[in-house]
1. Could you check the simple spin-label distance between residue 13 and residue 25, using points 7 Å along Cα→Cβ, in nm with one decimal?
2. For residue 108 and residue 52, calculate 0.36 nm times their separation in residues minus their Cα-Cα distance, and state this gained length in nm to one decimal.
3. Using a Förster distance of 41 angstrom, determine the FRET efficiency expected from the C-beta separation of residue 66 and residue 90, and round it to 0.05.
4. Just order 78-90, 19-31, 61-73 by mean Cβ neighbour count inside 10 Å, highest at the front, would you?
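Quick note: the coordinates plus some simple rules give every number you see, no bench work behind them. Please read all numbers here as calculations on a predicted model, not as lab measurements. Note that each Cβ is placed from the backbone with ideal geometry, even for glycine, and that neighbours are counted across all protein chains shown.
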């Protein structure tokens, strides 16, 4: 998404912006036109596609639609991301602002 002076934020979850300054954030561009707030399923799907397009080493694990969270495996590190806001500019570019809420090592499956 190009750098612009004006972004419109549409909050997806209740957010305390004072807690965002110490958390890793990510803006994931989405390649579909957004005219209204999409359903949680569609938002999470667009976000997963955007995350895997940007970094091919990330693999989507699962969605938590009730809490607007996505979990991905990044080379053996499981990342838990919270969808914070839908960001759009006056040119029509749209992205999803994410906050990293936790990481853990992926559990290895035992051979049977």
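1. 1.5
2. Details: separation 56, 0.36 × 56 = 20.16 nm, distance 2.15 nm.
The residue 108-residue 52 span can extend by a further 18.0 nm.
3. Working: r = 32 Å, r/R0 = 0.79.
The calculated FRET efficiency here is 0.80.
4. Values: 78-90: 18.9, 19-31: 13.3, 61-73: 15.6.
Highest to lowest by the protection proxy: 78-90, 61-73, 19-31.
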